[in-house]
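Below is one structure, written out as structure tokens; the observations come after it.
The values are calculated or read from the model by the stated rules, or taken from the named source; none is laboratory data. Note that the structure is predicted; figures quoted are calculated from it, not measured. Note that we place each Cβ from the backbone using ideal geometry, even for glycine, and neighbour counts take in every protein chain shown. The area values use the complete protein model at the heavy-atom level, side chains included, leaving out ligands, DNA and RNA. Shrake-Rupley method; radii C 1.70, N 1.55, O 1.52, S 1.80 Å.
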Amino acid sequence: MQRFQYYIDGQFLDGEARFPSVDPATGKEWADLPEAREGDVDRAANAAEQALYNGAWSKMTATQRGKLIYRLADLVAANAQKLAELETRDTGKIIRETSAQIAYVADYYRYYAGIADKIEGSYLPIDKPDMDVWLRREPIGVVAMVVPWNSQLFLSAVKIGPALAAGCTMVVKASEDGPAPLLEFARLIHEAGFPAGVVNIITGFGASCGAALSRHPKVAHVAFTGGPETARHIVRNSAENLASTSLELGGKSPFIVFADADLESAANAQVAGIFAATGQSCVAGSRLIVERSIKDEFLTLLKGKAEAIRIGAPLDMATEVGPLATRRQQEHIAALLDKSLQSGARLVTGGHRPGGEGYYFPPTILDCDGVNSPSLVNEFFGPVLSVVSFETESEALALANDTQYGLASGVFTQNLTRAHRLMKGIRAGIVWVNTYRAVSPIAPFGGFGLSGHGREGGMAAALDYTRTKTIWLRTSDDPIPDPFVMR
Ligand code: NAD
């Protein structure tokens, strides 16, 4: 068993308790992990507060902070392959994807390194002749970051990068499932030379560690990625410390294909949208909304592509779909699929959980036309696509917006004016036109409705980790006039 420690106040520690991590490709335990409970959460939050107000970090210039983040970016790039192998081992996400994604994580840190000394205050044109008034932008405080099991290095980078640029200190709680890569990443934080307490990385269970962290009195902001049910716990916890929250949650994202689209390209994008990452992606385009006249042709194309997907060991570079991350996830998908079939949804391909070891599930397509299928409403977070068809553009838009979520969406058409109408009409934080599942550190990312609030990526994300302070300076040497009148 490989052994991991977590990182508090610049020290690597064993934790209050230990628990095992399971390799999803074999179902066997492979790593021994530290479990943080309330005591460790408290130490980490106190260390972050000390670093924020008293340590070397609090005295650094923004440019010096940026240089440290650049160093971290270089270390991530240099260690990308090792981190990718760990993430693949611990979560089952295929090596093809983790190697590319983690190499790109270095660019996220680089982007925010550059932003560190571009966060500016402002001078206000105040309506009083003897006053100078300006706004300082200061770090929001100690940030709690709670991330889910999929893509932990990426989903933490979109929080850690902007928070460091803004000068915050933080406690990052890795998911209890697949935390090994994030615990290993702590070594790079240490090597980059961040002062003790600036970034603390722990792992533990949601109801104990996650809850203790999100309601901790020293925490000013909670940046959360995960499911809506957990988000409700986080928001309730924030009633105690009155921390602000940013919530990046799940989705049931529509993928609309019109008859005039380039169908080959749309089918490839749909495969990327629902079968990449074995469907365990918050932006999964899990509802295909296809024009009726091309439904059969498009489904035949898609079925062929789904059945040609190479399912296999996640560490094999040739594998395209690996195992799901946990048995819990495999059982959830199987149960929701059963309910959908009972409601009348028709299996186009896939659906049968293979025997043998590992948490595998095949690429699955469900024809849900004319059926009130739960698969159209609930998130599988797995490789299952639900299909409905439409006749008119307004029908397509109504189907796209028929969800409580609103994270992502895709539109495939060659008609420019129609594409513009849909961009405006779709209620989601991201609209991809003739593409899908593209991300960049420069482009904000986040949802509407049950998909949460707040944006990650872009300059705005760094500003969200700041708070303003209003400074009033009187420039007159005359005595203050009437003290009983507010000026
Ligand atoms: P989850 O909500 O179960 O867990 C996420 C994190 O919250 C874990 O670290 C967990 O330990 C912690 N947690 C659980 N209970 C808690 C509590 N009471 N208080 C505080 N923390 C608690 O999510 P998951 O199953 O790990 O991940 C899947 C979900 O994440 C899906 O819904 C998916 O769509 C969503 N997701 C969203 C995005 C996005 O950017 N929008 C990205 C990836 C995943």
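Details
- All positions within the range 456-487 that are within 30 Å of residue 405 (Cα to Cα) and touching a residue at least 60 places away in the same chain (Cβ under 8 Å): 456, 457, 459, 461, 462, 463, 464, 465, 466, 467
- Note on the range 280-301: residues that are more than 16 Å from the ligand (Cβ to nearest atom), buried (at least 19 other Cβ atoms within 10 Å of the Cβ) and not aliphatic (A, V, I, L, M) total 3.
- Extreme residue, modelled with the lowest pLDDT, among residues of the range 1-24 that are part of a loop (DSSP other than H, G, I, E, B) and surrounded by fewer than 22 Cβ atoms within 10 Å (Cβ to Cβ): 16
- Search result, residues across the range 195-238 that are part of a strand (DSSP E or B) and among the polar types (S, T, N, Q): 200, 203, 225
- The single condition from (1) within 17 Å of the chain's Cα centre (by Cα); (2) within 11 Å of the ligand (Cβ to nearest atom) that residue 238 fails is (1).
- Sole exception among (1) open to solvent by 30 Å² or more (accessible area, probe 1.4 Å); (2) within 16 Å of the ligand (Cβ to nearest atom); (3) touching a helix residue (DSSP H, G or I) at 6+ places or on another chain (Cβ under 9 Å) for residue 347, by number: (2)
- So residue 217, is it touching a Ser or Thr at 6+ places or on another chain (Cβ under 8 Å), within 16 Å of the ligand (Cβ to nearest atom) and either within 15 Å of residue 44 (Cβ to Cβ) or open to solvent by less than 10 Å² (accessible area, probe 1.4 Å) (or both): no
- Selected residue [at positive phi, open to solvent by less than 10 Å² (accessible area, probe 1.4 Å) and modelled with pLDDT of 95 or more] from 197, 193, 161: 197
- Residue identified as at pLDDT 95 or above, open to solvent by less than 20 Å² (accessible area, probe 1.4 Å) and under 18 Å from residue 277 (Cβ atoms) among 386, 375: 386
- When residues of the range 411-458 are limited to those that are open to solvent by less than 50 Å² (accessible area, probe 1.4 Å) and among the charged types (D, E, K, R), the one nearest to the ligand (Cβ to nearest atom): 456
- Cβ-Cβ under 7 Å pairs, at least 6 apart or on other chains, the range 80-98 side under 12 Å from residue 180 (Cβ atoms), far side among the basic types (Lys, Arg): 87/93
- In this entry, residue 210 passes the filter for residues that are of a type in the set (Gly, Ala, Ser), near the ligand (Cβ under 10 Å from one of its atoms) and touching a residue at least 24 places away in the same chain (Cβ under 8 Å).
- Filter result (more than 7 Å from the ligand (Cβ to nearest atom) and assigned to a loop (DSSP other than H, G, I, E, B)) within the range 147-183: 166, 167, 168, 178, 179
- Filtered by the rule that a residue be closer than 28 Å to residue 322 by Cβ and not in a strand (DSSP E or B), the range 369-399 gives 373, 374, 375, 376, 377, 378, 379, 380, 381, 382, 383.
- Yes/no for residue 255 being more than 9 Å from the ligand (Cβ to nearest atom), open to solvent by less than 20 Å² (accessible area, probe 1.4 Å) and of a type outside the set (S, T, N, Q): yes
- Taking residues in the range 243-255 that are modelled with pLDDT of 95 or more, and partners anywhere that are assigned to a strand (DSSP E or B) and near the ligand (Cβ under 9 Å from one of its atoms), the pairs with Cβ atoms closer than 6 Å and at least 6 places apart or on different chains are 243/222; 245/222; 247/224; 247/452; 248/225; 248/452; 249/452.
- Pair list, Cβ < 6 Å and 6+ apart or interchain, from the range 129-157 residues that are under 30 Å from residue 326 (Cα atoms) to residues that are within 11 Å of the ligand (Cβ to nearest atom) and among the basic types (Lys, Arg): 145/159; 146/173
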